[in-house]
Every structure is written in C-alpha cells, then in structure tokens.
Amino acid sequence: MNTITFLLLRLSIGTSILGHGLVRLPKLSAFSNGMVSSFEKSFLPKILVVPFSYVLPLTEFTTGLLLLIGLFTIPALISGCVIMILLIFGTTMIENWDALPSQLIHVAFFAVLLQFAQYNTWAIDSLFKK
C-alpha cells in the first residue's frame, strides 16, 4: 500500500508542477513581463527577476516530467523544494500572501515524498537499481 500511496502522491505533485511550467512555456515573454511587473516595487533588481522568470517555467516543466515518469526522482524532489523555496522568497518580497499557502503545500508534498523515497518502486528509477 505504501508504494501505491507514494506513486499517487508523486503523480499528483508531478502533474501540478509540470502543469505550472507547461502553461507558461508558450507565453514565456508575457509570463516574464508579468513577473517583472509584479516585482517592480520589490528590492529585487530586474537583472535577477528577468532570467529567473525565463528559467522557472522550464525548470517546473522538467521537474514535473521527471516526477511523472519516475526518473531521477530524488533529484527532482529536491529541485521541487528549491523551486518552492525560491518562489516563497519572491512571494514574501512582493507581499503576495495569498500565494504562500499553495507554495507551502507544494514544498510539504516534496519533503514528504523525499522522506519516503524508499517506496518509489513504480518508477523508471527502479529499473536501474537491479
């Protein structure tokens, strides 16, 4: 039962993070412009916000895809945590408190899955353990 629970949680968080990246990739410039606009009144300089806004969707998409197929699961979970920590930092810098609970829930999912990674048997990763 633990392996099924792990699989369902991995697929859920993988779908969420993949979806975040997937919808942003086709409109990357518009997404970047929106993020830059959101951070205009923060102390974070545009020179940091612009590259981050272009890398974020690709990183979300890649992390989500790896989790969905179960490849490099532990690095993908760590990547998910790092993405969320960076987003939490940005969210607090612009005082967007409404977005914070969702980001904290995501990081909790990633952390719980990291804690129980030994149940990741329904994954491409398990093919390499033999």
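The values are calculated or read from the model by the stated rules, or taken from the named source; none is laboratory data. Predicted model, so just to flag it, every value in this text is computed and none were measured. So basically every Cβ, Gly included, is an ideal-geometry build from the backbone, and we count neighbours across all protein chains shown.
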Checklist entry - Is one or more of the residues making up the stretch 10-17 over 18 Å from residue 113 (Cβ atoms) and surrounded by 16 or more Cβ atoms within 10 Å (Cβ to Cβ)? => result no
Item to check | The lone exception for residue 108 - which of (1) in contact (Cβ under 8 Å) with a residue 12 or more places away in the chain; (2) of a type outside the set (Val, Ile, Thr); (3) within 22 Å of residue 15 (Cα to Cα) it fails | outcome: (1)
Item to check | Only listed residue being under 27 Å from residue 122 (Cβ atoms) and at pLDDT below 95, chosen from 84, 1 | outcome: 1
Checklist entry - Inside the stretch 34-57, can you point out the residues that are over 20 Å from the mean Cα position of the chain (by Cα), assigned to a helix (DSSP H, G or I) and not basic (Lys, Arg)? => result 37, 47
Next on the checklist: What's the number of the only condition in (1) under 30 Å from residue 6 (Cα atoms); (2) at pLDDT 95 or above; (3) surrounded by fewer than 19 Cβ atoms within 10 Å (Cβ to Cβ); (4) not aliphatic (A, V, I, L, M) that residue 61 fails to meet?
Outcome noted: (3)
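If you check residue 28 against the conditions, is it modelled with pLDDT of 95 or more, surrounded by 15 or more Cβ atoms within 10 Å (Cβ to Cβ), assigned to a helix (DSSP H, G or I) and not polar (S, T, N, Q)? Steps first, please.
Details: modelled with pLDDT of 95 or more: yes; surrounded by 15 or more Cβ atoms within 10 Å (Cβ to Cβ): no; assigned to a helix (DSSP H, G or I): yes; not polar (S, T, N, Q): yes.
No; evaluated as a whole, the condition is false for this residue.
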Checklist entry - Are any residues in the stretch 38-72 within 19 Å of residue 24 (Cα to Cα) and of a type in the set (Asp, Glu), and if so, which ones? => result 60
Next on the checklist: Being of a type outside the set (A, V, I, L, M) and within 17 Å of the chain's Cα centre (by Cα) is the requirement here; does residue 73 meet it?
Outcome noted: yes
